[in-house]
Amino acid sequence: MKKQIIIFLLFSIQLSAQKDPNPHFPELKISVPCSAEFIKYYKGKWLIHDPKLSPISVNDYHDEVMKRLSAINNLVRQIYPEPTSADVGWVGEFAKTSFADEVKFVPVADRDPEETKTRINPVYWYRYSCILFPWMCTSNPNEIMNMYPEGSSGSIIIRANELNILNQNYADGDEWRVDGRPIKRKMFAAGTWKGYDMMSSVGGIYADAPSEHFVLVSREGMLPYIPVTRKQYLERATQYVSRYYEELTMKIVKSSESLPPQFRTPPDELDKQKARNTKAKNDALKKLNDALEKTTKDGLLDLPAVVGTDALLMNEGPVFQSEAEGGCMLATENPDYFRKELPKYVPQFFVIELMPGDPMHSNMNFKQIIEQNFPVEKIKAMIDK
């Protein structure tokens, strides 16, 4: 389905024939030699939004959307009123999307099954981005330059009604659904921030690597996702493993038969490949069955499933493993989360994305101020309003 997208750009990143509301000088003369210390304390500015440079929208939600995006920007500006070593601008987007859709997986020759939506639940998402355009020294000692509008360093991104912490399907196949909704991987736990769980796109042995961090802010006592239970996982993994190895064996046979006789796989080698697949399938099924018996005995069937990254890699660690060991939690989008009586433009949950920050660039000061002072409670107060 072709998506209708309405984008509100709150500053232009393109050259315009009109007067630039943010006159900038790629190269600026200074009275002292440029240094890292000079750049560190150089006073930047907030870029001015020129409505004429934004696309004209005929959408009925325009004023309500602008009101909420401006409110988010005001929160950021209040805690970072005077930029240092960079100029600051922001971008806002508003787009039609969907949430907790139902799907099926259609077989495709020589490829993984293709996801096709069978029921679509339309919603709208917001995206606010605050972006820094750093000043830096040039080859001329008495000159500095700014990266606006081509380059940026550091930002905070605040999304509403967009659950990007469920970042991809666990596997492709009809087994990997709950009530028709695809099972997805949830981002890895990465500590807490202001009392909220913080997540990262990397985990396991890479958990300490610099990366963006994500914080979900939802209404009290309700999440926009539903964890998959261990029982649900074991049932689906058993079906998937059986289907996968049976189809793999059939592909090997058909591939050999499609070749001229002189190029076909010798019968004894074909039998060996079939035997290897059968053993791999049986080993995996035994491991899953053992996990089911133990989980049932321990009364843990309803616990969230935190599992390895691939249901077929049963020779690599236990079925259930912690996120510290590289496991990922599985979940589906919650079809009961969105309140349908609310207007489409109302935020119903937020995901705050905190950029990693680079000690060599100006965004570290911005990053520290945001992490220490950002009023998460004011973002939460915008939910359902």
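The values are calculated or read from the model by the stated rules, or taken from the named source; none is laboratory data. These numbers come from a predicted model, not from an experiment. Every residue, glycine as well, gets a Cβ built from its backbone with ideal geometry; the counts of neighbours run over all protein chains shown. Areas reflect the complete protein model, heavy atoms only, side chains present, ligands, DNA and RNA absent. Shrake-Rupley method; radii C 1.70, N 1.55, O 1.52, S 1.80 Å.
Scanning the chain for cysteines with no neighbouring cysteine C-beta under 4.7 angstrom from their C-beta gives C130, C328. For the chain, the dipole from Cβ point charges (+1 on Lys and Arg, -1 on Asp and Glu) about the Cα centre works out to 600 debye, to the nearest 20. On segment 268-358, 53 percent of the accessible area sits on carbon and sulfur atoms, based on a 1.4 Å probe.
For Kirkwood radius over Cα pairs in Å, one of (i) 20.7; (ii) 23.4; (iii) 24.4 was computed from the structure I shared and the rest are decoys. Which label? Entry (iii). For A190, nonlocal amide neighbours, meaning residues 5 or more places apart or on other chains whose placed amide H falls under 5 Å from its own, are M198, M199, S200. Taking the helices alone, the chain has a mean residue ellipticity at 222 nm of -8500 deg cm²/dmol, built from -39,500 (n - 2.57) per DSSP H run of at least 4 residues and averaged over all its residues.
Taking 0.36 nm per residue of separation and subtracting the current Cα-Cα distance, fully stretching the chain between A71 and T309 would add 81.8 nm. Amide H contacts under 5 Å for T97: V123, Y124, W125, restricted to partners 5 or more places along the chain or on a different chain, H placed in the peptide plane at 1.01 Å from N. The residues of segment 211-284 present an accessible area of 59 Å² per residue when probed at 1.4 Å with all protein chains retained. The distance between label points at I205 and D283 comes to 2.0 nm (points 7 Å beyond Cα on the Cα→Cβ vector). Around the Cα centre of segment 105-152, unit charges on the Cβ atoms of Lys, Arg, Asp and Glu (plus for the first two, minus for the last two) sum to a dipole of about 300 debye.
In whole percent, what relative contact order does the chain give with Cα contacts below 8 Å and a gap of six or more residues? Each step should come with its number before you reach the end.
Details: 689 pairs, mean separation 75.9, N = 385.
This gives 20 percent for the chain.
The long axis of helix 62-79 is offset from the longest Cα principal axis of the chain by roughly 70 degrees.
For segment 259-385, calculate the relative contact order in percent as a whole number, restricting contacts to Cα pairs under 8 Å that are 6 or more residues apart. List each step's numbers first, then the result.
Working: 70 pairs, mean separation 21.0, N = 127.
Worked out over segment 259-385, it gives 17 percent.
What's the carbon and sulfur percent of segment 128-237's accessible surface, probe 1.4 angstrom, rounded to a whole number?
On the way: 2220 of 4420 Å².
Heavy-atom surface of segment 128-237 belonging to carbon and sulfur, 1.4 Å probe: 50 percent.
Relative contact order of segment 171-270: 17 percent, from C-alpha pairs under 8 Å at least 6 residues apart in sequence.
So how tilted is helix 267-297 from the main axis of the chain? Cα-based, degrees 0 to 90, rounded to 10. Tilt relative to the chain: about 70 degrees. Remark on I165: its backbone amide H falls under 5 Å from none of the residues 5 or more positions apart or on other chains, H modelled at 1.01 Å from N.
For the chain, the longest principal axis of the alpha carbon atoms and the long axis of helix 230-257 meet at an angle near 70°.
What FRET efficiency do you get for T116 and K385 if R0 is 41 Å and r is their Cβ-Cβ distance, rounded to the nearest 0.05? Efficiency computed from Cβ-Cβ geometry: 0.70. Of the residues V76, M145, I205, the one whose Cα sits farthest toward the positive end of the charge dipole of the chain, with +1 on the Cβ of Lys and Arg and -1 on the Cβ of Asp and Glu, is V76. Full extension of the chain segment joining D179 with K29 gains 47.6 nm, where the gain is 0.36 nm per residue of separation less the Cα-Cα distance.
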